[in-house]
Each structure stands twice: as structure tokens, then as C-alpha cells.
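Q: Dumping the structure here so I can ask a few things about it.
Only the coordinates and a few stated rules stand behind these numbers; no lab work does. Since the structure is predicted, the reported quantities are computational estimates derived from the model, not experimental observations. Heads up, the Cβs are rebuilt from the backbone with ideal geometry, glycines too, and the neighbour counts pull from every protein chain shown.
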Amino acid sequence: MKPGPGLLFVVSGPSGAGKDTLVDALRARTARLRYSVSATTRAPRDGEIEGEHYFFLPPEEFERRRDAGEFLEWRVYNGNLYGTPRDYVERTIAEGYDVIMKPEVNGALAVRAAYPAAVLIFLVPDKFSYLRTRLLARRTETNEEIARRLEIAHQEMKFIRSFDYIIINEQHRSEEAVEDLEAVLHSERFRIHRFGDELLGNLEHT
Ligand code: 5GP
């Protein structure tokens, strides 16, 4: 069978739910999965690498690219701009690779509007209060920023029903959540609508 286009997986959910850890773990064990690196105007955190974690852009450059239609979706999050470069996603899917990305919730819904075949996965902690614990533990934001992220998180939880899957990232059991995520990616490949008309027609008429 000819390999068709790849699938687009969107892992979203509030800041602190564990998107980064889970997606990193999944990428380490899934050879054909490609990660869509986002662009942002936020300043790099310690250890973040240009082109690997984000493309860090000055606001004017981000806006220029946005106005030229270079983003599949873009959003303001906590005062900074974040966007998904369109070209990489389209090209990689066309080459037959699966692509994974981890935008915030509004961005995830915008990806679905632009690309209805996208699979939307909502990642949540087993208790909402763990978001705060995790944001505090990673020590990358000020207390004020954490408070703002939690406010946004409350709003984001309201969109949970618009997603295809929910994965609960239980405290100290992130390995299980990675397996759940892997199971979703694996099963999606076998959805009936992913198979071409020709193959289905042949099967129907045997
Ligand atoms: P952070 O500053 O913690 O790296 O990201 C803040 C939020 O922006 C997170 O919820 C993250 O998932 C989201 N984000 C990262 N890249 C993108 C993107 O390309 N588009 C959108 N809409 N959100 C993004």
C-alpha cells in the first residue's frame, strides 16, 4: 500500500499539565514522528535552544511573518506571540511523516479549523492544583506569571469537550501517560477514513 500523507497530532492543555515532558518522551520512542517547532516572541529560558525549543523572533519579525500568512495559527499568550510555521507542517505531512505540536488550547482549536483532519489531544493533571505545584517546581516563571498562567488554565479547561481525546497525566506516573499518548497515535492510523477509497473498494468487492 502506498504510504499516504502523515497525520497531525495536536497535544494541548494548560501550562504545567506536562506537555513538554510527554511530547519529548514520545518523540524519543517514535522514529517517524516529527515535531513542529513554534515561533515565539517570548525570551528564551535558560537552556532553551534556538530552532529546537522555539524560533525566538523579535515582535516585528513575528508580525511580518504573520502578515505574510506564514503561520498555520498564531495566538497571544500571556503577553507574548506564539505561532506554528505553516510550511514545515504542510511539507512534512505531505512527505508522509506524522507531525506533533503542542500549542495552547485556542491555538489547538485554530489548527483544527485550518486542518480538520488534525487529532486533538487534551492533556490534564489528575488534580487542577498540581498545575501550580508543577509550575512552581520548574522555576522558570515568576509568581506573578504563574498566577496568570493558572488564570488562563481555568479558561482553557472549558474547551475540553472540543477535543478528540483526554489524557490524564497522573502525578508521578507520567510514563503511563506517555503510553496512553502512544496508544492514541497508534490507533489513529487504523481509522477507516484514513484508508483510501481504492483499498476499501477492493476489500468490499472481494
Ligand atoms: P511557554 O511560554 O510555556 O513555552 O508556552 C506558553 C504556552 O504557549 C503553552 O501553553 C504552549 O503550549 C503554547 N504554545 C507554544 N507554541 C505555540 C504555538 O505555536 N501556538 C500556540 N497557539 N501556542 C503555543
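Q: Evaluate the relative contact order of segment 48-206 (contact order divided by residue number), counting alpha-carbon pairs under 8 angstrom at least 6 apart; express in whole percent.
A: It comes to 16 percent, rounded to a whole number.
Q: Rounding to the nearest 10 and keeping the result within 0 to 90°, find how far the Cα-based axis of helix 105-114 lies from the longest principal axis of the chain.
A: 30 degrees
Q: Read phi for every residue in segment 60-75 and hand back ³J(HN,Hα) as whole Hz from Karplus 6.51 cos²θ - 1.76 cosθ + 1.60, θ = phi - 60°, with x for Gly and Pro.
A: 3J(HN,Hα) across segment 60-75, in whole Hz: 5, 6, 4, 5, 4, 5, 4, 5, 7, x, 7, 10, 5, 7, 8, 8.
Q: Where does helix 174-188 land angle-wise versus the long Cα axis of the chain, in degrees 0 to 90, nearest 10?
A: 30 degrees
Q: For segment 55-178, just say rounded, prolate or oblate: build the C-alpha gyration tensor, square-root its eigenvalues into a ≥ b ≥ c, call rounded for a/c under 1.5, and beyond that prolate if a/b exceeds b/c, oblate if not.
A: On the way: a/c = 1.98, a/b = 1.29, b/c = 1.54.
In terms of gyration-tensor shape, oblate.
Q: Which angle from 0 to 90°, rounded to the nearest 10, does the C-alpha axis of helix 143-157 make with the longest principal axis of the chain?
A: 30 degrees
Q: For the chain, what is the mean residue ellipticity at 222 nm derived from helices alone (per DSSP H run of n ≥ 4: -39500 (n - 2.57); sum divided by total residues; nearest 500 deg cm²/dmol)? All intermediate terms of the calculation are to be shown ahead of the outcome.
A: On the way: 8 runs with 87 residues, N = 206.
The helix-only estimate for the chain comes to -12500 deg cm²/dmol at 222 nm.
Q: A further question on this structure: When a footprinting reagent is the concern and you count Cβ atoms within 10 Å, what order do R32, R138 take, fewest first?
A: By the 10 Å Cβ count, ascending: R32, R138.
Q: If amide H atoms are built 1.01 Å from N in the plane of the peptide, which residues on other chains or at least 5 residues away come under 5 Å of the amide H of G96?
A: Those qualifying (amide H under 5 Å, at least 5 residues apart or on another chain) are G6.
Q: Over segment 14-107, how many percent of alpha carbon pairs lie in each 5 Å bin up to the one with the longest distance?
A: Bin by bin from 0 Å, the calculated values are 2, 13, 22, 26, 21, 12, 4, 0.
Q: Hey, what's the per residue convex hull volume over the C-alpha atoms of segment 1-68, in cubic angstrom?
A: 142 Å³
Q: Quick one: which residues, 5 or more positions from E73 or on another chain, have an amide H under 5 Å from its amide H? H modelled 1.01 Å from N in the peptide plane, none for Pro or chain starts.
A: Placed amide hydrogens put T84 under 5 Å from E73.
Q: So, one more: Given V124, Y54, I192, which one lies farthest toward the positive end of the charge dipole of the chain, if we put +1 on the Cβ of every Lys and Arg and -1 on the Cβ of every Asp and Glu?
A: Result: V124.
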